[in-house]
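Laboratory data are not the source of any read-out in this text; all were calculated from the coordinates shown. Predicted model, so just to flag it, every value in this text is computed and none were measured. No Cβ is skipped: glycine too gets one built from the backbone with ideal geometry, and neighbour counts run over all protein chains shown.
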Amino acid sequence: MTRLAIRYDVVIVGGGPGGMSAAIGALEAGADRVLIVDREIELGGILNQCIHNGFGLHHFGEELTGPEYASRLIEELLDHRIDVATDSYVLDVDADRTLTVASPSTGITRVQAGAVVLAMGARERTRGAIRIPGSRPSGIMTAGLAQKFVNQLGYLPGRRAVILGSGDIGLIMARRLALEDVEVHGVYELMPHANGLTRNIVQCLHDFDIPLHLSTTVVGIEGSRRLERVAVAPVDENFEPDLARATEIECDTLLVSIGLIPENELSAKLGLRMDPTTGGPVVSSTMETSRDGVFAAGNVVHIHDLVDFVSQEALLAGRCAGEFATGRSRPADNIRLLAGANVASIVPHTISSDREHVVYLRVRRSMEKSWLRLGEVYEKRLRYVVPAEMVSLKVRPRFLENFHGDALKIDIVPREEPGGDDE
Ligand SMILES: Cc1cc2nc3c(=O)[nH]c(=O)nc-3n(C[C@H](O)[C@H](O)[C@H](O)COP(=O)(O)OP(=O)(O)OC[C@H]3O[C@@H](n4cnc5c(N)ncnc54)[C@H](O)[C@@H]3O)c2cc1C
């Protein structure tokens, strides 16, 4: 049980990879009283249930499982003096950066923070979000919940499974269930393209002979106590299902993997300016939100496909929070970034012309060969872009030497001419 102090330099909400990396950043910046609060009983966030490998290639230079990645961060934290309050829920963050923390062991505590980092991660969309018609038997759950059952609690969710949605969690669970001898009928995806990383399509579906049905969705659910069958049907270009071509599949489990929603109830209560495209707060190049001294990083800001990028972003947020809390001034941004052709979202939302930044983008649709154009000042060839994979762009001060405006549009446009590929 951690007895909380009344005042900290930096308080971090969430102890996943985002929260832990932010803590390391804050400590590196000289903050000496740092607190991480997490509602779970141990640090690690979503990584604790991700026992597959594929984490850490960029950040640690080797391929780790989720729990291994988390324990690397925990080991780094052990080198420092830091308070950790697990099994503790942050109920509120006030505008003056007072946090209300509830825990079964210490009750309600009010903690004053010099700076706050929001790192609450994301939660999964459920069946309710897409209103699949039919009964409400047991056996229907999100892919992440099934992952927790299998990997952490030691239960199998069923014996014959259908997976709706080709996001990474669904793909990884298709393979995980196949490894446990569950009959996986297939992954059904509404869109004409898969929504997970290409490597997961190959390693989780192709390698296990699990079919992927694009432009197809679940249109019916049957079963009284337990799920007995689902109906699937192809959809047209307006995503309208063709019910005349629906077929039935006998199964006792339906896993839905239809996207993640940034966990932003605290941000909304705080009145932060939000980006409707990412579902997260608008942030500057220091990962500061629209409230002074409140920073954010990780899936709470925008959904990441790689944890390594979460760590990089959170280290920056933590460093800047540490600098804020210890009274150092932070540089101001002078350029707004605007989403142009085939760009769905951009983080951060503003940058400054005198420092180097990493900017993360998501595209609206797949493109084989394209140019990424940063206004008129810089362009780069891209080999392919897909909505499921984040594009990162290093913006260097020399790109902006002759730019005197206050807004730059980023476009991703088709590339006709032959030539080498950068990425
Ligand atoms: C199934 C799956 C497979 C993945 N596979 C890969 C992969 O192969 N490679 C890869 O690089 N990445 C992978 N990822 C992505 C990676 O795991 C995430 O990007 C990363 O974990 C996000 O980190 P985070 O700290 O932002 O959020 P999280 O890990 O979700 O942590 C957020 C933490 O905040 C806590 N919290 C939330 N609200 C509160 C509150 N009010 N009070 C207290 N605590 C709170 C939560 O309990 C949680 O512990 C995968 C993700 C999933 C779900």
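Listed values, structure above:
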{"read-out": "Gain upon complete extension [E228, S290; 0.36 nm per residue less C-alpha separation]", "value": "17.4 nm"}
{"read-out": "Fewest-first ranking of H206, H59, using other Cβ atoms within 10 Å as the exposure measure", "value": "H206, H59"}
{"read-out": "At q = 0.12 Å⁻¹, base-10 log of I(q)/I(0) for segment 255-404 (Debye sum, equal scatterers on each alpha carbon)", "value": "-0.52"}
{"read-out": "Segment H80-D209, extension gain: residue separation times 0.36 nm, minus the distance between their alpha carbons", "value": "41.7 nm"}
{"read-out": "Potential lengthening between D236 and L156 on full extension [0.36 nm per residue; Cα-Cα distance subtracted]", "value": "25.3 nm"}
{"read-out": "Under 9 Å, Cβ to Cβ, from I261 - net charge with Lys/Arg +1 and Asp/Glu -1", "value": "0"}
{"read-out": "Coil-residue GluC sites (Glu not before Pro) of segment 221-276, DSSP, other Cβ within 10 Å capped at 15", "value": "E237"}
{"read-out": "Centre separation in Å (Cα based) which lies between segment 114-134 and segment 146-218", "value": "20"}
{"read-out": "For segment 179-186, 3J(HN,Hα) per residue [Karplus equation, 6.51 cos²θ - 1.76 cosθ + 1.60, θ = phi - 60°, Hz, x = Gly/Pro]", "value": "5, 8, 6, 7, 7, 9, 5, x"}
{"read-out": "Mean residue ellipticity (222 nm) of the chain, computed from DSSP H runs ≥ 4 via -39,500 (n - 2.57), nearest 500", "value": "-5000 deg cm²/dmol"}
{"read-out": "Beta bridges per DSSP with both ends in segment 126-258, % antiparallel, nearest 5", "value": "40"}
{"read-out": "C-alpha center-to-center spacing [segment 371-402, segment 305-350] in angstrom", "value": "16"}
{"read-out": "Sequence ranges 396-405, 275-284, ranked by mean other-Cβ count within 10 angstrom, highest first", "value": "275-284, 396-405"}
{"read-out": "L243 paired with T106, simple spin-label distance in nm, labels 7 Å along Cα-to-beta-carbon", "value": "5.6"}
{"read-out": "Candidates per chymotrypsin sites (Phe, Trp or Tyr not before Pro) in segment 25-97, loop by DSSP, up to 15 other Cβ within 10 Å", "value": "F60"}
{"read-out": "Rounded, prolate or oblate (a/c below 1.5 giving rounded, otherwise prolate when a/b exceeds b/c) for segment 1-117 by Cα gyration tensor", "value": "prolate"}
{"read-out": "Per-selection Rg to Rh, segment 126-258 - Cα, Kirkwood hydrodynamic radius", "value": "0.94"}
{"read-out": "Cα-based equivalent ellipsoid of the chain: semi-axis lengths in Å, sorted from largest, via gyration tensor", "value": "36, 29, 18"}
{"read-out": "DSSP beta bridges in the chain [antiparallel fraction, %, rounded to 5]", "value": "60"}
{"read-out": "Loop-located trypsin sites (Lys or Arg not before Pro) in segment 306-342, at most 14 other Cβ atoms within 10 Å (DSSP)", "value": "R328"}
{"read-out": "Mean-position separation - Cα centroids, segment 13-53 and segment 220-290, in angstrom", "value": "26"}
{"read-out": "Segment 56-188, Rg to Rh (Cα coordinates; Rh as Kirkwood inverse mean 1/r)", "value": "1.05"}
{"read-out": "Under 22 Å, Cα to Cα: Lys pairs in the chain, sequence gap 8 or more or different chains", "value": "6"}
